[in-house]
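Report on one structure; see the data block that follows.
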Amino acid sequence: MFHGSHGPFRWVESPAHKTQDVLQLCPEAILGKHVVITAFDSSKITAIGQESLRAWRVEGSALYIPPLADLLEVPYDVFNEWFVFTPAPPRQKLESFTSSNWFTLGPCLSGNADRATQWEIKRTQRSFWQLMEIANPESYLACCSRLIFVTRNDACFTAVLRRMSTPQRARSASA
């Protein structure tokens with residue numbers, strides 16, 4: 001697991017966790033906020049109440065979801081990349097970064113370098129941080145080969161990092 005900061009954003013990355021882990025540890029990361037989904041799993045989306053879908057809209061290749069009142073309104077197991085906004089999201093194209101299975105905010109390790117050059121990884125990281133600075137979401141949540149959670153919300157970051165780190169410490173202590 002890696003974590004760090006970039007300007008006002010703090011981030012954590014873990015191959016051992018999934019989107020639902022962040023949502024269970026810190027539901028306030030998305031509840032009552034606008035969500036823009038930019039990457040989807042190839043599996044089918046399960047049925048959602050028709051009332052919930054009325055306000056959802058597709059624009060380009062992104063799905064815009066108005067503020068959520070309940071985590072059950074979103075089939076989080078098939079949504080791979082989330083941009084979360086407290087005010088309404090900006091009218092701009094949000095690039096997807098999970099299409100590159102090697103995408104990481106952490107250091108360029110040999111396992112990542114096998115699939116992409118260090119130059120590609122660093123270029124993609126620069127593009128990611130530029131988009132985060134321009135779009136200014138409160139949070140970003142992605143899960144492909146690893147979970148990436150980025151946020152400006154210090155309370156959410158601290159809660160997620162602390163709780164995600166606890167099982168790691170317990171495992172390493174028993175090994």
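The values are calculated or read from the model by the stated rules, or taken from the named source; none is laboratory data. Everything quoted here is computed from the prediction, not taken from an experiment. A quick note on method: Cβ atoms are made from the backbone with ideal geometry, for glycine too, and the neighbour counts reach across all protein chains shown.
Strands (runs of 3 or more DSSP E) wholly in segment 57-96 with at least 2 residues that are touching a residue at least 40 places away in the same chain (Cβ under 8 Å) - which ones?
Numbers: elements: 57-59, 62-65, 79-85.
By residue number, 79-85.
Within segment 24-35, restricting attention to residues that are of a type in the set (A, V, I, L, M, F, W, C) and free of Cβ contacts under 8 Å to residues at least 60 places away in the same chain, which residue is nearest to Trp82 (Cα to Cα)? Write out each step before concluding.
Here is the first cut: in segment 24-35, the residues of a type in the set (A, V, I, L, M, F, W, C) are 25-26, 29-31, 35.
Cutting the leftovers down to free of Cβ contacts under 8 Å to residues at least 60 places away in the same chain gives us 31, 35.
Working: Leu31: 13, Val35: 6 Å.
Restricting to residues being of a type in the set (A, V, I, L, M, F, W, C) and free of Cβ contacts under 8 Å to residues at least 60 places away in the same chain, the top hit is Val35.
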Inside segment 1-26, can you point out the residues that are in contact with a helix residue (DSSP H, G or I) (Cβ under 6 Å, 6 or more places away or on another chain), more than 20 Å from Glu133 (Cβ to Cβ) and either among the basic types (Lys, Arg) or in a helix (DSSP H, G or I) (or both)?
Val22, Leu23, Leu25
Over segment 72-82, the set of residues out of contact with any Asp or Glu (no Cβ under 9 Å at 6 or more places or on another chain) and modelled with pLDDT of 80 or more is Glu81, Trp82
Enumeration of residues in segment 17-62 that are under 12 Å from the mean Cα position of the chain (by Cα) and either loosely packed, with under 15 Cβ neighbours inside 10 Å or modelled with pLDDT under 65 (or both):
Lys18, Gln20
Just give me the residues in segment 100-116 being in a loop (DSSP other than H, G, I, E, B) and either modelled with pLDDT of 85 or more or surrounded by 13 or more Cβ atoms within 10 Å (Cβ to Cβ) (or both), in sequence order.
Ser100, Trp102, Phe103, Thr104, Leu105, Gly106, Cys108, Leu109, Ala116
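Out of all the residues in segment 131-142, is one or more within 26 Å of Phe85 (Cα to Cα), hydroxyl-bearing (Ser, Thr, Tyr) and either modelled with pLDDT under 90 or in a loop (DSSP other than H, G, I, E, B) (or both)? Spell out the reasoning first.
We begin by selecting, within segment 131-142, every residue within 26 Å of Phe85 (Cα to Cα); these are 131-142.
From what's left, hydroxyl-bearing (Ser, Thr, Tyr): 139-140.
Next, only the ones that are either modelled with pLDDT under 90 or in a loop (DSSP other than H, G, I, E, B) (or both) stay: none.
Checking segment 131-142: not a single residue is within 26 Å of Phe85 (Cα to Cα), hydroxyl-bearing (Ser, Thr, Tyr) and either modelled with pLDDT under 90 or in a loop (DSSP other than H, G, I, E, B) (or both).
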